[in-house]
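Everything below concerns the one structure shown next.
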Amino acid sequence: MHPFSYTRASDTREALNAGRDGGRYIAGGTTLVDLMRETVERPETLVDITALPLGEITVTERGGLRIGALVTMSEAAAHAKVRTLYPVVSEALELSASAQLRNMATIGGNIMQRTRCTYFRDVTADCNKREPGSGCAALHGVNRTHAILGTSDACVATHPSDAAVAFAALEARVHLLGPDGTRQVPFVDFLLRPGSTPHREQALRSGELITAVQIPPLPRPLRSGYLKVRDRQSYEFALTSAAVALHVRGGVIREARVAAGGVGTVPWKLPAVEQHLVGERPSGALWSAAAAKAADGARPLQHNRFKVELLKRTVERQLRVVGGTE
Amino acid sequence: MSTELPELAAPPPTGAGGSSPAPTRRTFIATSTVVGGAVVAGSVVGGTSLIGGEEAAAAERPPSSRVSLTVNGTRRSLTVDNRTSLLDLLREHLGLTGSKKGCNAGACGACTVLVDGHRVNACLTLAVRLEGAEVTTIEGLAEGEQLHPLQQAFIDEDAFQCGYCTPGQIVSGVGCIQEGHTGSPEEIREWMSGNICRCGCYVKIVRAVRQTAGRK
Ligand SMILES: Cc1cc2nc3c(=O)[nH]c(=O)nc-3n(C[C@H](O)[C@H](O)[C@H](O)COP(=O)(O)OP(=O)(O)OC[C@H]3O[C@@H](n4cnc5c(N)ncnc54)[C@H](O)[C@@H]3O)c2cc1C
Ligand code: SF4
Ligand code: FES
Ligand code: FES
């Protein structure tokens, strides 16, 4: 680990000042400390933001939710309103990492976490994300866990967050605070696809602070849930996952929100699947027909072809579970 | 997947990466006791012969900070190199070697301790961030000679083989019981999944946690 100086911000203004001067925010530290130890990250100054007043969960009008950036993963998962209003969020959180890590890690840090690509974490390997222009060792290397959607020739790494898949499905907004004031960014625009600049991962300006993730209200009754498929039953990242939310009234699907994880360079929203569902009556045949579109546009690599079929089955299974027929 | 475990579940040599030869386990224990005593008096740690590899790598005196925390009921005030993890603080500076270093990356749970009552991975916790915190390690669970019920249950159930993961399992189990996630063996397995056991003692670990939770 490289040496760094450490300051604790006691309020938002102090944090932004330190951020403007090049300080790096630290929340739970479960991504940052790990990567600093591997010398993938080499911040000169750490700015501890845990004392900032960003630890609240509030229900917004008409039943949306605003989750403060410093709410821990375990607090968010256990929160009664999160569990009743958006089970897809609490399930995605509880299927993430371990109880210990969830006690430390925050919602803001979770959506900011960096890829688990082994070459990214290995400073001796070529990696465009870590060192722009050096190449991508995964492209023709061990790429079983890598992405099949949203990839480029420069980078094929997945975004590893589970909660972010639920946020993408629900069309959440990220609230930001910077030197020039506040702004909101739709979740789909917040995390960036690699293109030719895989080192740019978020639409975050220098020194900007995430203050909250806001989930818009959806018509009720709403059923939602998260399914995660992985190499072992727990404490493991997703090979594939599906976040599904459905509003069914009068026997007809009125609203559908679907996104997939473990397969995209960013959480992968599935508009074609959603469109196939809306206006239809739930049935086993509908779930499979909709899920057949889940891997449209996939570009599998040498070792992850299995993800194409696995993704469709994961989405179909979760539509069935949430939709409640057959 | 990058949650892979290191090949050996053995602690790395204390001086790994530094220029001085690694101390033997015996000299390490002897010296750490002395330093442990000095620490209580409020001395500066880091820059001693006990600094870890990461700290030794810095040429100049690396950025350090003063921190006061309570460990197993004892108040400690010390100056730490900012890079020191809570795990290294406990093991290398305070002589509390019960908490183990398995992966040093959040992927095994051997370093589990309670911070302000919550179970966390000490390897990913920077010591400098613990101003005012209450830390409980495996050494702090017993009341005098009286083992914590979960410690006793691990013995009764024979819930370990090599014992390397055991301190982390027990502290994590204490957290799991406090959180109330002990309704069924399945629930315990899921909520204890942050603790890997290379010897595969899971069935008996779950039994020990279940028994202890039931007794409460
Ligand atoms: C072994 C292991 C297994 C894991 N398994 C999973 C899993 O299955 N699913 C999953 O989703 N995740 C998993 N994780 C990742 C974990 O969820 C993240 O590390 C965690 O959510 C990061 O949050 P943090 O608060 O600790 O972030 P930090 O490490 O504190 O910060 C991460 C990054 O975000 C920035 N940041 C933090 N907060 C803010 C803010 N408010 N504003 C601006 N920038 C900010 C920091 O500067 C840093 O760049 C795993 C991690 C480990 C170590
Ligand atoms: S996939 Fe992306 S993160 Fe992994 S080696 Fe290639 S450029 Fe780096
Ligand atoms: S040493 Fe493995 S999780 Fe901390
Ligand atoms: S690792 Fe040997 S007892 Fe668990």
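Worth a mention:
- Condition met for B:Gly173 (within 15 Å of ligand 4 (Cβ to nearest atom), in contact with a strand residue (DSSP E or B) (Cβ under 7 Å, 6 or more places away or on another chain), open to solvent by less than 10 Å² (accessible area, probe 1.4 Å) and not aliphatic (A, V, I, L, M)): no
- Test: B:Gly200 is among the small types (Gly, Ala, Ser), more than 9 Å from every other protein chain (Cβ to nearest Cβ) and closer than 20 Å to A:Glu236 by Cα: yes
- Tallying residues that are more than 10 Å from every other protein chain (Cβ to nearest Cβ) and of a type outside the set (A, V, I, L, M) within segment B:62-82 yields 10.
- Looking only at segment A:82-120, and only at residues there that are of a type in the set (Gly, Ala, Ser) and touching a helix residue (DSSP H, G or I) at 6+ places or on another chain (Cβ under 6 Å), the one that is nearest to ligand 4 (Cβ to nearest atom): A:Ala99
- Checked against the criteria, A:Pro87 does not count as away from ligand 1 (no atom under 11 Å from the Cβ), in contact with a His (Cβ under 6 Å, 6 or more places away or on another chain) and at negative phi.
- Of the residues making up segment A:38-59, just one is touching a helix residue (DSSP H, G or I) at 6+ places or on another chain (Cβ under 7 Å), away from chain B (no Cβ under 13 Å) and open to solvent by 60 Å² or more (accessible area, probe 1.4 Å), namely A:Val59.
- Taking the criterion of being within 14 Å of chain B (Cβ to nearest Cβ) and part of a strand (DSSP E or B), the residues of segment A:212-235 that qualify are A:Lys228, A:Val229.
- Any hit, segment A:123-134, residues being under 16 Å from the mean Cα position of the chain (by Cα) and either open to solvent by 30 Å² or more (accessible area, probe 1.4 Å) or not basic (Lys, Arg) (or both): no
- Note on segment B:110-185: no enclosed strands (runs of 3 or more DSSP E) hold 2 or more residues that are more than 28 Å from A:Ala51 (Cα to Cα), in contact with a Cys (Cβ under 7 Å, 6 or more places away or on another chain) and more than 16 Å from ligand 2 (Cβ to nearest atom).
- Test for A:Glu94: is it open to solvent by 20 Å² or more (accessible area, probe 1.4 Å) and away from every other protein chain (no Cβ under 14 Å): no
- Test: residue in segment A:161-179 that is closer than 23 Å to A:Gly55 by Cα, surrounded by fewer than 14 Cβ atoms within 10 Å (Cβ to Cβ) and within 16 Å of ligand 1 (Cβ to nearest atom): yes
- Within segment A:44-160, helices (runs of 4 or more DSSP H) holding 1 or more residues that are away from ligand 3 (no atom under 16 Å from the Cβ): A:73-78, A:80-85, A:87-94, A:107-112, A:118-121
- Checking each residue in segment A:1-37 for being within 8 Å of chain B (Cβ to nearest Cβ) and among the acidic types (Asp, Glu) picks out only A:Asp34.
- Scanning segment A:111-129 for residues that are without any contact (Cβ under 8 Å) to a residue 60 or more places away in the chain, polar (S, T, N, Q) and within 14 Å of chain B (Cβ to nearest Cβ) turns up at least one hit.
- When B:Leu87, B:Leu94, B:Leu69, B:Leu124 are screened for being open to solvent by 10 Å² or more (accessible area, probe 1.4 Å) and more than 16 Å from ligand 4 (Cβ to nearest atom), only B:Leu94 passes.
- Checking each residue in segment A:279-295 for being surrounded by 14 or more Cβ atoms within 10 Å (Cβ to Cβ) and either without any contact (Cβ under 8 Å) to a residue 12 or more places away in the chain or out of contact with any Gly (no Cβ under 6 Å at 6 or more places or on another chain) (or both) picks out A:Glu280, A:Leu286, A:Trp287, A:Ser288, A:Ala289, A:Ala290, A:Ala291, A:Ala292, A:Lys293, A:Ala294, A:Ala295.
- Among residues of segment B:186-216, those that are among the hydrophobic types (A, V, I, L, M, F, W, C), assigned to a loop (DSSP other than H, G, I, E, B) and either in contact with a helix residue (DSSP H, G or I) (Cβ under 7 Å, 6 or more places away or on another chain) or more than 16 Å from ligand 1 (Cβ to nearest atom) (or both), counted: 4
The values are calculated or read from the model by the stated rules, or taken from the named source; none is laboratory data. Remember, predicted model here, so these are calculated numbers, not experimental data. Using ideal geometry, Cβ is built from the backbone for each residue, glycine included, and neighbour counts are taken over all protein chains shown. In case anyone asks, the SASA skips ligands and DNA or RNA and just uses the protein heavy atoms, side chains included. Shrake-Rupley method; radii C 1.70, N 1.55, O 1.52, S 1.80 Å.
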